[in-house]
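Okay, so here's the structure we're looking at.
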Protein chains: 2
Amino acid sequence: MRGKVIPFDTPRSAATQEKILDAAEALFMEHGFEATSLRQITAAAGVNLAAVNYHFGSKEELFQAVLTRRLDPMNQERVALLTRFEREAAPRPLSCEKILGAMFIPALRLARDPRRGGKNFLRLLGRAYADPAPFIRHFLTEQYAVMIARFKAAFGRALPHLPKKELSWRLHFVMGALSYTLAGTDALKLIAALNPRDSGNDEALLRRLAPFLIAGLKAPLSQDDEIDGENAV
Amino acid sequence: MRGKVIPFDTPRSAATQEKILDAAEALFMEHGFEATSLRQITAAAGVNLAAVNYHFGSKEELFQAVLTRRLDPMNQERVALLTRFEREAAPRPLSCEKILGAMFIPALRLARDPRRGGKNFLRLLGRAYADPAPFIRHFLTEQYAVMIARFKAAFGRALPHLPKKELSWRLHFVMGALSYTLAGTDALKLIAALNPRDSGNDEALLRRLAPFLIAGLKAPLSQDDEIDGENAV
DNA sequence: TTAGAATTCAAACAAACGTTTGACCGATTC
DNA sequence: GAATCGGTCAAACGTTTGTTTGAATTCTAA
C-alpha cells in the first residue's frame, strides 16, 4: 500500500487532532523540529503515542499541519487586505506604508489572539524560516509563493524607480528582519527590559520594525554606495 | 572524574582535529546541529567515530569549536577595524556607513577566503543565530557581547538623536537582516538567478544589504508612525 | 441490539543516536 | 629494549527515535 489514509474529521477525531496540534505548536516553537520528539508531543497533549501517525501520517506531516493551520488563513487575510487597500486607493498606487500594513496587520491580529496560538505561532514561523530541513523550506516556499508575488507587484508600483532586481533583494531583506524578529527569544526579553509596559505583546515590536523597513525600502538607488572598504582591504 | 581532559596539540592531533572541524562545519551548515550526527561527521572527515569525543569532549563542544575557530578572529578584526576608523576620523564621530563597514568588511574577507571556510561558515553562522538550542544561544551571546556593545556605542555617537531604546531595536533588526541574509539557502540562489555575474560571492549580497540597513538606521524618529491599522482592524 | 467502522491503547519494532571502553599502534623517553 | 604516553580503532554501551501492529474500546448506524 502506498501512503496511508488520514481519517475524516469526526467530532472525536477533531478533538485529539487539535490537542496534538496545540502541543506540537508549543514544543516545536520551543525546541525546533528535530529536537522535539513525538513522545514529548503526545505526552503534553495527553494522547497516545500512535495518535500522531494515525491522524497525520508522520512527524513531517504533523509539522506541516501545524504551520498550515495558522499560516493559510493569515496569508489569505494578507492578500485580501492588500486587495482592499488597493481598491480604496485606486486609481492612485498604494504607499509602502499601506502595503507593509497589509503584511503586518494580519500577523498582529494573530499575535493578539490567544485562541489562534498568539505569539507562540509567530515565533515558530520565524524559526521555520531559518530551518535547514528541505521539506520545511519547500513547504514554506510553496505556501508563500502567491502571497509574495502579489506583494512584490504592489511594491513594484509603489517604488517604480527601483529595478526589479533591487526590489527582489530588498524584499528579501524585509523578510529576513521580519522573521528574525518574530523568532526572537531575545527580542521578547529585549522588549520586557526596555519597556516593561509593552511586555508580552509583539505589537510594539512590529510597530518599531515597520518604519525601519520602510526607510530601507525607500532608500535611494545606489550607483555605487560604498561601504568604504577600499582603504581597509 | 568531572569533565574530561582534552589533549595538547601535537602535530598528529592537530591534523585530525582540523579534518573534523572542516567536515563538521560543512555538515552543520547543511543540516543544522541536531540533524547532523557524529557518524556523518567522522565518516566525512575520514577519522574514527571516537575521535570527536576524544579531541573535543562532546558534540556540543565540537559545535562551539567550529564556531570559535572563525568567529573569534573575525570579531576581533571587527573591533580593531572600528577602532582604526574612529582614530582616523577623530575628533569627528564616525558615519553609519563607516561603522557598518567595520562590521561587514571582516565578514566579506572571510567569505572570500576559501581557506577560512568561505561562504560556508557565514551560512552556518546565520543558522546558529536562529537555532533554539540554549547552549548555542548562550554561546553566541557571550561571544558577541563585547563586540555588540562596542558597535552600539559607536552607533550611538553617529545617531545622537536616537533614544537608546530605539537604537537597541534598530540594531536588533540589523542583526536580523544580516543573519537571515547570510543563512539564506535561497539568497544565494536568488543572486545566481538575478545576476549570474555575481554568482557565488556573498560580496554582492552584502553590498546590497548595506544601503538598505543604513537607510533603516537613519530613519526619522517616529512620533506615531502609523502602519495604518485603525480602519482595518 | 447487533454488525461494523473508527479510534485508542500498550507493546514492540528496527534503526540511529552520543558516548564509553579496552585493546592496539607508533613514537618518545628513560 | 622495556616502559610510557598520545592517539587510533572496532565494538559495544544504554537510550531514544519514528513508526507499526493487533487487540481492546468506543462510537455509529441499521
Legend entry - Label spacing, shortest first and in nm, from B:Asn53 to its equivalents in the remaining copies (7 angstrom along Cα→Cβ): 2.9
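So how much slack lies between A:His138 and A:Ala43, counting 0.36 nm per residue of separation and subtracting their Cα-Cα distance, in nm?
Separation in residues times 0.36 nm, less the Cα-Cα distance, equals 31.3 nm.
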Inset, instruction - Give the nm distances, rounded to one decimal, from B:Val79 to the matching residue in every other copy, measuring between label points 7 Å along Cα toward the beta carbon; shortest first. - result: 5.0
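In peptide B:24-36, what is the residue-averaged number of other protein chain Cβ atoms found within 10 Å of each Cβ?
3
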Inset, instruction - State which entries of B:Lys165/B:Lys218; A:Lys152/A:Lys218; A:Lys164/A:Lys218; B:Lys98/B:Lys164; A:Lys152/B:Lys218; B:Lys152/B:Lys218 exceed 22 angstrom in Cα-Cα distance in the structure shown. - result: A:Lys152/B:Lys218
Legend entry - Ascending count of other beta-carbon atoms within 10 Å, so fewest first, for B:Lys218, B:Lys98, B:Lys152: B:Lys152, B:Lys218, B:Lys98
Legend entry - Label geometry 7 Å along the beta-carbon vector: A:Arg115 inter-copy distances in nm: 6.3
Legend entry - Taking B:Phe212, A:Phe85 and counting other C-beta atoms within 10 Å, the order from fewest to most: A:Phe85, B:Phe212
Legend entry - Environment charge of A:Phe135, counting only residues whose C-beta is closer than 13 Å and scoring Lys/Arg +1, Asp/Glu -1: -3
Inset, instruction - Could you list B:Ile148, A:Ile99 in order of exposure, starting from the residue whose Cβ has the fewest other Cβ atoms within 10 Å? - result: B:Ile148, A:Ile99
Inset, instruction - Quick one: grab the alpha carbon gyration tensor of segment B:14-104, order the square roots of its eigenvalues as a ≥ b ≥ c, and give me rounded if a/c is under 1.5, else prolate or oblate depending on whether a/b is larger than b/c. - result: prolate
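Values in this text are rule-based calculations from the coordinates and carry no lab data. As the structure is a computational prediction, the values presented were derived from the model and not from experiment. Positions of Cβ are backbone-derived with ideal geometry, glycine not excepted, and every protein chain shown enters the neighbour counts.
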